[in-house]
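Read through the structure below, which is laid out as structure tokens, and then see the notes.
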Amino acid sequence: MLQAIVDAATGATAASEGWILAPRGDRLHVLAAAGDRPGQLLGATVPSGEGTAGYVVASGQPLALAPRPDDARATSGVAGMLGLRPASVLCVPCAGDDSVAGALEVVDKAGGGRFSLDDVELATLLGGIAGTALVEITGSASAVPTPAELAGGLERLAGTEPARYVALAAAVSALLDRG
């Protein structure tokens with residue numbers, strides 16, 4: 001499930017790479033990755049206070065930026081471990097029950113552009129799904145909506161915010177196609 005989410009996030013935002021991290025003790029662990037080197041990342045860890053993911057997990061706030069070369073948030077953490085100096089970064093919290101269960105991060109939007117508000121919204125929606133999955137993985141209780149509740153929520157979203165519905169429907173379709 002986490003792999004499908006990070007694949008959907010990188011594809012939908014046109015990012016070159018992405019990963020999902022979860023805190024365990026004083027480290028952030030990479031649980032899923034997409035891009036050129038996903039195998040290199042799976043199971044890797046970084047200090048919990050480093051990089052944009054460290055900031056997002058600590059603050060619970062999304063972060064989208066086109067970092068300056070001296071911005072340590074973008075050159076540490078997973079990006080630093082890979083030797084990347086990303087031109088654009090988008091990182092959102094994966095919300096659990098009452099806390100942040102992890103972070104979904106994508107880097108380097110195609111064409112050298114910045115991530116848009118639509119990218120932030122889509123990543124945030126996927127981060128919420130990942131948060132539920134992370135809570136399930138860690139064994140914490142979580143209220144998982146029934147298929148009927150999800151269908152009702154999607155119908156309301158389609159009626160009130162059609163553009164967000166289209167983005168979410170594409171991501172959900174990609175997840176369902178992966179089985």
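Miscellaneous remarks
- Note on segment 61-179: percent of Cα-Cα distances in each 10 Å bin, starting at 0 and stopping at the bin with the largest distance, equals 13, 35, 35, 15, 2.
- Sorting 43-52, 4-13, 85-94 by their mean Cβ neighbour count within 10 Å, with the most densely packed peptide first, gives 85-94, 4-13, 43-52.
- Here is how the number arises for the chain: DSSP H runs of 4 or more residues each give -39500 (n - 2.57), the sum is divided by the residue count, and the result at 222 nm is -14500 deg cm²/dmol.
- Binning the C-alpha pair distances of segment 44-100 at 10 Å intervals from 0 yields a P(r) profile of 26, 55, 17, 2 %, listed from the shortest bin outward.
- Low-density loop positions, trypsin sites (Lys or Arg not before Pro), segment 69-121 - DSSP coil, at most 11 other Cβ in 10 Å: none
- If the chain linking LEU175 and ASP98 were pulled fully straight, counting 0.36 nm for each residue of separation and taking away their Cα-Cα distance, it would gain 25.2 nm.
- Prolate/oblate/rounded label for segment 1-124 (Cα gyration tensor, a/c 1.5): rounded
- Of the DSSP H helices in the chain, those with a Cα length along their own long axis of 24 Å or more and a mean Kyte-Doolittle hydropathy reaching -0.5 comprise 117-138.
Laboratory data are not the source of any read-out in this text; all were calculated from the coordinates shown. Since this is a predicted model, take the numbers as computed values, not measurements. A quick note on method: Cβ atoms are made from the backbone with ideal geometry, for glycine too, and the neighbour counts reach across all protein chains shown.
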